[in-house]
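Computed from the coordinates by the stated procedures, all read-outs in this text should not be read as laboratory data. Predicted, not measured: the structure shown is a model, and the values here were computed from it. We place every Cβ from the backbone using ideal geometry, glycine too, and count neighbours over all the protein chains shown.
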Amino acid sequence: MSRQLFLTLTTLATGAFAQTVMPTAGYNCKDAADGRANVIYVAGSSAIRPFLGVVAGLVKADGYTLVYQSQGSCTGVAAILDPDATKHLIKDIPAAAGKAANYALVLNADGTGKECFLDPAGNTVDVGASDVFADSCGYTLGAGFSDFEGPVQPMTMVVSAVSTQQSISAEAAYMVFGMGGNEGKATPWTDPTYYFVRNASSGTQQMVARAVKVPADKWWGKDRGGSGAVRTGMKTLLDQAGAEKGIGILSTDVVDDERGNLRVLAFKPFGGLCAYLPDSTATSFDKRNVRDGHYPIWGPVHFFAQTSSGVPSAAASSLVTRFAAPKLDQTLMDAIIKKHLVPKCAMAVKRSAEIGPFQKRVATDFRCDCYFEKVATGASSCATCTTATDCPSDAPACNYGYCEAH
């Protein structure tokens with residue numbers, strides 16, 4: 001069977017998005033009577049759903065409600081940047097022709113979500129959420145549009161916790177996702193029906209695709225439709241035989257909450273000498289190897305919005321401008337770290353292109369390494385402080401209660 005036919009058949013059979021439950025009759029996404037008069041419509045990445053659930057409480061304090069529909073990162077980019085205005089609308093997607101439904105979610109202040117009905121004519125997207133840069137989806141960021149970068153999001157290849165596999169090289173991943181197991185040479189990942197993958201619209205797949213040099217639209221495996229479905233499917237591989245065959249792709253904000261069920265594979269890039277986990281150990285959450293550039297599969301979360309003189313609409317601003325300041329609100333910082341993402345102030349490196357070369361952050365950039373490690377791991381070796389006068393000369397800045405270099 002050809003790869004394209006295989007992908008088409010499996011997509012029809014298994015394509016499912018995160019919001020498949022039909023909303024309660026009469027429960028509309030925008031409803032002033034239920035306190036949802038001011039709505040921020042967000043579309044795009046399914047991987048970012050856990051993080052948006054936390055941010056929902058922050059925008060609620062501004063009087064806004066987040067309504068989110070998951071359709072993949074590139075759909076989120078298109079919802080803002082595509083010249084076809086019809087792509088700027090999100091609509092209810094009932095189940096049809098073997099494909100699961102995809103409804104929008106009202107994200108509550110406590111992070112929970114409830115399916116809701118969009119306007120029958122569609123609702124205009126305020127913010128497109130993407131795991132990848134606009135050009136990864138074939139778009140150029142022109143005048144009148146802005147990319148508000150959020151925290152760094154690592155992407156991973158994962159197996160069941162029952163599996164004995166601990167690592168994967170870029171060469172092996174190429175044989176798996178690009179060659180369907182290479183006729184058995186990519187043992188134990190030789191059966192594409194056990195590949196828990198996404199599609200070319202997925203930011204997770206776009207990012208991993210660049211790291212393993214397999215075009216995102218040429219992958220072997222079953223398109224599961226969303227990160228939630230990948231996670232759920234991988235958790236069903238409880239017998240040894242199935243667990244050894246299974247491999248999937250997930251972001252750390254999804255997989256890190258499932259460490260009892262799923263294992264992140266250490267990754268060795270092309271030309272690399274060693275395989276690295278995102279964290280310093282399999283039990284840590286310190287993202288040490290992401291932060292210093294040893295683990296390569298990561299990029300900033302992108303929030304795309306239309307702007308006028310560089311300023312987004314009031315609704316979009318309530319979400320995207322939270323990430324613009326060097327020093328983030330501490331509540332937002334906590335939300336980022338607890339969802340296993342990395343604030344830019346805790347990164348020693350940065351990049352300006354998808355899986356592009358690393359650049360050192362400017363030495364005078366605002367730092368939050370100490371606070372990040374305290375929240376992420378429960379401990380920090382840094383000196384605590386109330387003001388800068390409490391700090392030594394080699395770490396003179398008092399940031400979030402800890403002495404930092406800047």
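Hey, got the dipole for segment 362-404? About the Cα centre, +1 on K and R Cβ, -1 on D and E Cβ, debye to the nearest 20?
Details: 2 positive and 6 negative charges, 21 e Å.
Roughly 100 debye for segment 362-404.
Extension gain Q240-T283, at 0.36 nm per residue separation less the Cα-Cα distance, in nm? Could the numbers behind the result be given before it?
Working: separation 43, 0.36 × 43 = 15.48 nm, distance 2.23 nm.
Residue separation times 0.36 nm, minus the Cα-Cα distance, leaves 13.3 nm.
Neighbouring Cβ atoms within 10 Å as the yardstick, rank I247, I93 fewest first.
Details: I247 27, I93 18.
Placing the least packed residue first, the sequence is I93, I247.
Between segment 85-112 and segment 172-219, how far is it from one alpha carbon centroid to the other, in angstrom?
Segment 85-112 and segment 172-219 have Cα centres separated by 27 Å.
What does the C-alpha gyration tensor say about the overall shape of segment 181-296? Classify as rounded when a/c is under 1.5, otherwise prolate if a/b is larger than b/c, or oblate. Write down the numbers at each step before the final one.
Working: a/c = 1.40, a/b = 1.21, b/c = 1.15.
Rounded is the answer for segment 181-296, as its axis ratio a/c remains below 1.5.
Using the alpha-carbon centroid of each, what span in Å lies between segment 264-320 and segment 321-392?
If you average the Cα positions of each part, the centres end up 13 Å apart.
Going by a 4.7 Å Cβ-Cβ cut-off, which cysteines of the chain have no partner at all?
If one checks each Cβ against the other cysteines of the chain, C274 turn up with nothing under 4.7 Å.
Hey, for a label at A97 modelled as a point 7 Å past Cα toward Cβ, could you say which residues of segment 208-222 have their backbone N under 20 Å away?
So the set is 222.
Tabulate in residue order the Karplus-calculated ³J(HN,Hα) for segment 278-295, using 6.51 cos²θ - 1.76 cosθ + 1.60 with θ = phi - 60°, rounded to whole Hz; enter x for Gly and Pro.
With coefficients 6.51, -1.76 and 1.60, one gets x, 9, 5, 9, 6, 10, 8, 10, 7, 6, 4, 6, 6, 5, 9, x, 6, 8 Hz.
For segment 362-404, just list the percent of Cα-Cα distances falling in each 5 Å bin from zero outward, please.
5, 29, 30, 23, 11, 1
Per-residue counts of other Cβ atoms within 10 Å, averaged by peptide: what ranking do you get for 375-383, 151-159, highest first? Don't skip to the answer; put the middle values down first.
On the way: 375-383: 14.3, 151-159: 26.1.
Per-residue mean Cβ counts within 10 Å order the peptides as 151-159, 375-383.
Quick one: grab the alpha carbon gyration tensor of segment 331-406, order the square roots of its eigenvalues as a ≥ b ≥ c, and give me rounded if a/c is under 1.5, else prolate or oblate depending on whether a/b is larger than b/c. Walk me through the numbers before you get to the answer.
On the way: a/c = 2.57, a/b = 1.39, b/c = 1.84.
Judged from the Cα gyration tensor, segment 331-406 comes out oblate (a/c at least 1.5, b/c at or above a/b).
Can you compute the FRET efficiency between A388 and Q330 using 1/(1 + (r/R0)^6), with r the Cβ-Cβ distance and R0 = 22 Å? Round to the nearest 0.05. Working shown, then result.
On the way: r = 17 Å, r/R0 = 0.77.
Result of the calculation: an efficiency of 0.80.
Assuming R0 = 35 Å, what is the FRET efficiency of D217 and T86, from their Cβ-Cβ distance, to the nearest 0.05?
Values: r = 22 Å, r/R0 = 0.64.
FRET efficiency, D217 to T86: 0.95.
Test of understanding: ordering R231, R367 by Cβ neighbours within 10 Å, fewest first, what list do you get? Write out the running numbers ahead of the final one.
Details: R231 20, R367 23.
Ascending Cβ contact count within 10 Å gives the list R231, R367.
Suppose every K and R has +1 on its Cβ and every D and E has -1 on its Cβ; what is the size of the dipole of the chain about the Cα centre, in Debye to the nearest 20?
Numbers: 36 positive and 37 negative charges, 121 e Å.
So the magnitude is around 580 debye.
Between A405 and T377, what's the calculated FRET efficiency when r is the beta-carbon distance and R0 is 22 Å? Round to 0.05. Can you show the working numbers first?
Numbers: r = 20 Å, r/R0 = 0.89.
Calculated transfer efficiency: 0.65.
Counting each DSSP H run of 4 or more residues in the chain as -39500 (n - 2.57), what helix-only mean residue ellipticity at 222 nm follows after dividing by all residues, to the nearest 500 deg cm²/dmol? It would help to have the intermediate numbers written out before the result.
Values: 12 runs with 101 residues, N = 406.
Dividing the helical sum by the residues of the chain leaves -7000 deg cm²/dmol.
With the cut-off at 1.5 for a/c, could you classify the chain from its C-alpha gyration tensor as rounded, prolate or oblate?
Numbers: a/c = 1.67, a/b = 1.07, b/c = 1.57.
Judged from the Cα gyration tensor, the chain comes out oblate (a/c at least 1.5, b/c at or above a/b).
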